[in-house]
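Notes to accompany the following structure.
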């Protein structure tokens, strides 16, 4: 297993992780920003007010995109496992 191969696998893994994390993190970030602006405008400092909408939006995204995310992760894992003989030899 060459260093270039390890770097290539690591790079592909990071790409998959970012591709899977972005649909969850970006909507949560947007909702957090909107709730934060609402809290600043109304001077309400309740922690649950910012937590519950983020959890709700992440749940909705998981329901909508969960199948695609799981298929992507399974495809990447299958590709790695199938190429183990090539990586060793």
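Every read-out reported here was derived from the displayed coordinates using simple, explicitly stated rules and does not represent laboratory data. These numbers were taken from a predicted model, which means no experiment stands behind them. Virtual Cβ from ideal backbone geometry, glycine too; neighbours counted across all protein chains shown.
For the reader, a short list of remarks on this structure follows.
- For 81, 44, the sequence from fewest to most other C-beta atoms within 10 Å is 81, 44.
- Each of 6, 35 has some number of other Cβ atoms within 10 Å of its Cβ, and from fewest to most they run 6, 35.
- Average Cα contact separation per residue, the chain, under 8 Å, 6 or more apart, as relative contact order %: 42 percent
- For 1, 69, 19, order by how many other beta-carbon atoms lie within 10 Å, fewest first: 1, 19, 69
- From the Kirkwood radius over Cα pairs of the chain, Stokes-Einstein at 4 °C and 1.567 mPa s returns a whole-number translational diffusion coefficient of 82 µm²/s.
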